[in-house]
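Novice: Got a structure for you, questions after.
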Amino acid sequence: MSTAPESTAASSKSIQAFKNCWSCRAISGGGLILSGAYVFSAARRVMRQGASTSMGSVAQITFAAGLAAWGLVIITDPVGKAQRKTT
């Protein structure tokens, strides 16, 4: 009565489709990169107005860098290109 095998098959099928879909990766990765740029510009705007650099601004810039890096990882898809060495 369990539907676990059916649900895992459907989820793996959708994951496989995402890995093969270049436009899906470009849109989602580009969105993450642009959101990182927005967060970074918001932090820089506060600092340009003459406010001292606070821990909040540093956290925002760090978070923005993380978002941009995540977007690059989605676009480049390094996991799908890895090959196992055979010796």
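Novice: Kindly identify the stretch 20-76 as rounded, prolate or oblate by the Cα gyration tensor criterion: order the square roots of the eigenvalues as a ≥ b ≥ c, call it rounded if a/c is under 1.5, otherwise compare a/b with b/c, prolate if a/b is larger, else oblate.
Specialist: The shape class here is prolate.
Novice: Using DSSP to call loops (not H, G, I, E or B), can you name the chymotrypsin sites (Phe, Trp or Tyr not before Pro) in the stretch 13-73 whose Cβ has at most 16 other Cβ atoms within 10 angstrom?
Specialist: Loop-located and lightly packed - none at all.
Novice: Report the calculated FRET efficiency for T76 and R44 (r = Cβ-Cβ distance, R0 = 30 Å), to the nearest 0.05.
Specialist: On the way: r = 26 Å, r/R0 = 0.87.
Taking R0 as 30 Å, the efficiency between T76 and R44 is 0.70.
Novice: Okay, moving on. Defining a contact as two alpha carbons under 8 Å apart and six or more residues distant in sequence, what relative contact order in percent does the stretch 20-76 show?
Specialist: Relative contact order comes out at 57 percent.
Each reported figure results from applying straightforward, stated rules to the coordinates on display, with no laboratory input. Predicted model, so just to flag it, every value in this text is computed and none were measured. Quick reminder, even Gly has a Cβ in these numbers, built from the backbone with ideal geometry, and neighbours come from all protein chains shown.
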